[in-house]
Amino acid sequence: MKILVTGFEPFGNETYNPSMEVLKNLPEKIKGADIVKAVLPVVKDESLEKMRQLIETEMPDAILSLGVAGGRNAVTPERTAVNINDFRIPDNGGFQPEDEPIFKDGPDAYFSTLPYRSMIEAIKEKGIPVSLSESAGTFVCNHVFYGTRYYCQRNHPHVLSGFMHIPYAKEQGIKDRPSLPLSDITEAVVAALGAVADALS
Ligand code: PCA
């Protein structure tokens with residue numbers, strides 16, 4: 001049993017991305033599942049190209065992608081990915097699409113196939129703020145969430161995949177915005193991965 005966990009490089013004005021930092025603290029195994037970690041570029045096509053390569057080389061049973069959602073005050077598993085790129089800022093490759101479908105032949109939306117309800121329960125049990133999110137936005141996180149579902153449904157329909165946004169980490173030192181200590185974010189990700197491992201076994 002193998003779970004691929006992805007985070008992102010820093011982007012925009014930031015030099016730190018908690019979704020990348022959290023990967024460093026994850027154990028190699030959770031509830032019998034091997035945990036494979038990878039960092040994706042915050043660049044439209046490159047992010048999905050790297051994801052496709054990872055799926056083909058690692059052959060995971062499930063994929064949990066992580067990204068930061070600055071301003072949120074809780075860990076938020078996402079329910080829905082939409083078929084739109086509408087970037088409010090350029091990505092790290094300088095791309096800034098507006099109202100552009102991710103895949104012209106794809107459906108308007110996909111739902112996460114991860115067990116987000118039990119992920120939420122597992123995170124709640126740790127006393128960490130968590131809620132279900134209804135929108136992963138229309139930037140690179142949604143792009144990866146949508147593109148991964150699109151690719152898996154066509155090529156590896158048994159692979160579960162989905163997305164979880166995390167808040168800023170306290171360690172980033174961003175003033176006047178909600179944040180959680182990186183240790184709490186790590187605990188939440190471990191709890192979520194435990195719920196995914198339970199769903200696979
Ligand atoms: N957050 C961005 C992209 C990379 C990341 O960590 C987003 O929410 O789209």
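The values are calculated or read from the model by the stated rules, or taken from the named source; none is laboratory data. Just so we're clear, the structure is a prediction, and the values are computed from it rather than from any experiment. Reconstructed Cβ throughout: ideal geometry from the backbone, glycine too, with neighbour counts over all protein chains shown. Surface areas here come from the heavy atoms of the whole protein model, side chains and all, with no ligands, DNA or RNA. Shrake-Rupley method; radii C 1.70, N 1.55, O 1.52, S 1.80 Å.
For this structure, a couple of remarks:
- Of all residues in the stretch 1-26, those that are in a strand (DSSP E or B) and away from the ligand (no atom under 13 Å from the Cβ) total 4.
- When I55 is tested against (1) over 30 Å from K170 (Cβ atoms); (2) in contact (Cβ under 8 Å) with a residue 60 or more places away in the chain; (3) in contact with a strand residue (DSSP E or B) (Cβ under 9 Å, 6 or more places away or on another chain); (4) surrounded by fewer than 17 Cβ atoms within 10 Å (Cβ to Cβ), just one condition goes unmet, and that condition is (4).
- Test: residue in the stretch 163-181 that is small (G, A, S), assigned to a helix (DSSP H, G or I) and within 15 Å of the ligand (Cβ to nearest atom): no
- Some residue of the stretch 93-110 being within 16 Å of the ligand (Cβ to nearest atom), free of Cβ contacts under 8 Å to residues at least 12 places away in the same chain and not charged (D, E, K, R): yes
- Test: residue in the stretch 58-78 that is within 15 Å of the ligand (Cβ to nearest atom), of a type in the set (S, T, Y) and assigned to a loop (DSSP other than H, G, I, E, B): no
- Residue list for the stretch 136-162, restricted to those being near the ligand (Cβ under 10 Å from one of its atoms) and either without any contact (Cβ under 8 Å) to a residue 24 or more places away in the chain or within 13 Å of the chain's Cα centre (by Cα) (or both): A136, G137, F139, V140, C141, N142, H143, V144, F145
- V42, sole failed condition from (1) part of a strand (DSSP E or B); (2) surrounded by 17 or more Cβ atoms within 10 Å (Cβ to Cβ): (1)
- Residue that is nearest to the chain's Cα centre (by Cα) [pool: residues in the stretch 88-128 that are closer than 18 Å to H165 by Cα and open to solvent by 60 Å² or more (accessible area, probe 1.4 Å)]: F111
- Filter result (aliphatic (A, V, I, L, M) and assigned to a helix (DSSP H, G or I)) within the stretch 98-150: M119, I120, A122, I123, V140, V144
- If you check K29, K37 for being more than 16 Å from the ligand (Cβ to nearest atom) and either more than 17 Å from Y150 (Cα to Cα) or open to solvent by less than 30 Å² (accessible area, probe 1.4 Å) (or both), only one passes: K29.
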